[in-house]
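I have placed the structure first, in the form of structure tokens, so that the comments after it can refer back to it.
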Amino acid sequence: MYRILSPTAILGYGFPRKSFEEALLLDLDLIAVDAGSMDAGPYYLGSGEQYVGGSALKRDLELVIAGAIEKDCPLIIGSAGFSGGDVSLKSTVDLVKELLEESVIQPVRLAVIPSGVPGNIKQEVFDKLEPLGEMPPLTRETWEKSVVVAQMGCEPIMAALDEGAQIIVCGRAYDPAIFSADPIRRGYPKGVCLHAAKILECGAIACEPGSGSDCLIGEITREGKAMFFPTNRIRSATIRSVAAHTLYEKSAPDIFRFPGGLLNIQNTLYSQECEDRVSLSGSQYQAEPYSVKLEGSRSLGKRVISIVSLKSWDGIPSEIPVYGRNGVEARYVKEPIEEMGIVVVAQSVDARKAKDALAFVRSTMLHFGYEGRISTAGNLAFPLSPSDLELGKNDGLSAALFVAGSRDPIFQGMFIKIWDSILLALNEQHPDLGREVSFEYVIGDRENPIALLETVGRTYAEAKEEHQRKERSLNGQVDALRSSFSNIEAGVAYAWSVHHLLRDQELIGKFFPIEISNYSDGEWSGFTHHSARYEWFESSENCDRVDETLNGIEEDSIPGNYRKKDVPLQQVAQVIRSKNAGINEITYDILFNSEAEYEQALQSGAFSPSEVAAFMELDRNQIRGCFRYDPALAIKLTLRRDQLCGSPGERDTFGAQQHTRLLALKL
């Protein structure tokens, strides 16, 4: 049996120390933690900045490094620095080395695996790229000006482990690769390893209640079974929670492609082993010609932002996002749904601490689990990438803020309780930040609207000139009695430029150089370089032929006895959520309360592509697919995004608040 600890969804999101200590009481074969994503937009790859606060990153790294040393097992970090780009990878590696030098006395072998495009093959790579989904045309000039990473699979990590690395810090990596590389290397079945890794990638999000800031254990057997359980006793792994997480952020519910093949879970079986433990088996791996995904970000110019409290939105141009009206999405909010805007400001004499505390509050609020929660993929719609803005110093205090929105009525009703719980978690995990940083928040709604103005220009002067025109369009509606934040010089704006596939085997073999070094007696030595081998995934397991249409809901599958629409979806569904599936799609997951209600939904006719398009007021060609997934009693809807996530003009970078479109649906 092979046992893996996933301590948190993102390195720097934090986790309860007690949960982690409970995990360390077990025999562990691996500690692995993902550190990044494309979800937060193109800024982080383009700029090389971290998404989480420095204090939170250091705290999590201290604990996972100490845990791996104590358990004498590998520690693997994926997508270091959030984007996995070379700049943010280096900053993470520097921190890892600093922590080793401060506290570790025994020898440690460190591997670093960059994921940037090697300069000597950059032009050859450009000629071989294929767009993934709908992307703007990629010119050679844009390619040259973009910061680009490739998403590594298992093989470079396996090669580092073959060289005896105990700590491996990866650039951009396919999330499940960091959890599955070692057990596959040791001969465990590929299909179950990859499926287990998909569940483990976000920590206790796969539990009830879910949390992106808590620990999850996965155990894999050579017979092809994987079991999951949390170490925090307030949580449980259930068939519903584990099967539902299988769907998370994926365009389809049952076929997942990755470097070197696909994972087929059409025949996966789930079993509730005991109250808090779930197992799965039957997941199958099938080989395909090797490919890797490339991601790239380019700069657009300087950005100016204003967040303005209004007396009313009367007369405000419809294209301006106004919280209370159209801040979360361009469509105006319709009763009975209400829209809420939240501006959170952190202040401290220490600018770094204000920034770190704000980052903790923002990431915790995004994934906070609360009673009655239905939108389990995220609580907030962030319009900006980066989400956090620094305001500079005033009266000796440095300040930073984020703005976000919600159309979720349950979140809005629980907001005060959620806020208090987040501050409690901040004080528990980062007492210095709790003492030295103060917070205030401003709420925008129908009665007290808040406008968001965003302008991008080649220079600040150009951006400000256009920005002033937008400010004048507020038509004297500015509310001087409430807080506003005007003309914030928000740095460089970025846009996604590359979301492409590379299939050329020879070129792929030149990516992901493995850099090995040894730390002992306060010195670094033994620097060597290695390459990955790509034969691990050449043969498939014994598996059925893949039918990618098996669980699709098509027009002709709708029965003739179309029923009267009188049952609210919220009455029969336990979870209604939305989330990005890559940068150019959004996927919706609806998990039903019971098998009978699930069948009622399937028979209703409401989830055919044309019905979904009609209800959501979309063109039919925006619907990428409608699917059923019986193990989770779930229906999945995947749509083309109106724009690439996190680009200027965005209203919901993560796509996490689009689920409210479904709240008015009746079956």
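The values are calculated or read from the model by the stated rules, or taken from the named source; none is laboratory data. All figures in this text were calculated on a predicted structure; none of them were measured in a lab. We place every Cβ from the backbone using ideal geometry, glycine too, and count neighbours over all the protein chains shown. Accessible surface is based on the protein model in full, side chains and every heavy atom, while ligands, DNA and RNA are left aside. Shrake-Rupley method; radii C 1.70, N 1.55, O 1.52, S 1.80 Å.
Quick rundown of the values:
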quantity: Theoretical FRET efficiency, 1/(1+(r/R0)^6), r = Cβ-Cβ of L501 and K311, R0 45 Å, to 0.05; calculated: 0.35
quantity: The stretch 461-513 pair-distance distribution - Cα-Cα, 5 Å bins, rounded %; calculated: 4, 11, 14, 14, 10, 8, 6, 5, 8, 8, 6, 5, 1
quantity: Whole-angstrom gap from the stretch 164-214 to the stretch 29-87, using each part's C-alpha centre; calculated: 14 Å
quantity: Translational diffusion of the stretch 580-667, µm² s⁻¹ [Kirkwood Rh, Cα pairs; Stokes-Einstein; 4 °C; 1.567 mPa s]; calculated: 95 µm²/s
quantity: Per residue value of the accessible surface for the stretch 142-244 (all protein chains in place, 1.4 Å probe), Å²; calculated: 23 Å²
quantity: Proportion of all alpha-carbon pairs of the stretch 236-322 beyond 15 Å (%); calculated: 75 percent
quantity: Neighbour cut-off at most 11 other Cβ (10 Å), DSSP loop, GluC sites (Glu not before Pro), the stretch 594-629; calculated: E617
quantity: Charge context of I234, other residues only, Cβ under 13 angstrom, K/R +1, D/E -1; calculated: -3
quantity: Residue-span extension gain [K122 to Q272] - 0.36 nm each, minus C-alpha spacing; calculated: 49.1 nm
quantity: At 0.692 mPa s and 37 °C, Stokes D of the stretch 22-61 from Kirkwood alpha-carbon radius, µm² per second; calculated: 259 µm²/s
quantity: Inter-label distance, nm, simple model (7 Å from Cα along the C-beta direction), S438/R469; calculated: 4.0 nm
quantity: Using a Förster distance of 56 Å, the FRET efficiency for Q603-E523 (Cβ separation, nearest 0.05); calculated: 0.20
quantity: Student exercise, the stretch 584-665 dipole from Lys, Arg, Asp, Glu Cβ charges, in Debye to nearest 20; calculated: 240 debye
quantity: Cα→Cβ-extended label distance, 7 Å offset, between T142 and S318, nm; calculated: 2.9 nm
quantity: The stretch 597-643-the stretch 425-469 distance, computed between alpha-carbon centres (Å); calculated: 35 Å
quantity: Partner lysines for K666 [C-alpha distance under 17 Å; skip if fewer than 8 residues away on the same chain]; calculated: K334, K564, K565, K636
quantity: Spacing of the two label points (7 Å from each Cα toward its C-beta) at E371 and R233, in nm; calculated: 2.1 nm
quantity: Volume in Å³ per residue [convex hull over Cα atoms, computed for the stretch 325-418]; calculated: 110 Å³
quantity: Carbon/sulfur fraction of accessible area - the stretch 145-186, other protein chains in place, 1.4 Å, %; calculated: 38 percent
quantity: Whole-angstrom gap from the stretch 374-419 to the stretch 253-314, using each part's C-alpha centre; calculated: 23 Å
quantity: The stretch 246-349: chymotrypsin sites (Phe, Trp or Tyr not before Pro) in DSSP coil with no more than 16 other Cβ atoms inside 10 Å; calculated: Y332
quantity: For the stretch 15-146, projected area of the alpha-carbon convex hull averaged over all directions, nm²; calculated: 10.4 nm²
quantity: Cα-derived Rg to Rh of the chain, Kirkwood definition; calculated: 0.95
quantity: Paramagnetic reach from E462 in the stretch 359-396 [backbone N under 17 Å; point 7 Å along Cα→Cβ]; calculated: none
quantity: Selection from Q151, S421, T92, by position along the positive dipole direction of the chain (Cβ); calculated: S421
quantity: Average silhouette area of the stretch 274-358, convex hull of alpha-carbon atoms, in square nanometres; calculated: 14.9 nm²
quantity: Reciprocal mean inverse distance between Cα atoms of the stretch 157-250 - Kirkwood radius, Å; calculated: 13.9 Å
quantity: Candidates per trypsin sites (Lys or Arg not before Pro) in the stretch 445-513, loop by DSSP, up to 11 other Cβ within 10 Å; calculated: R458
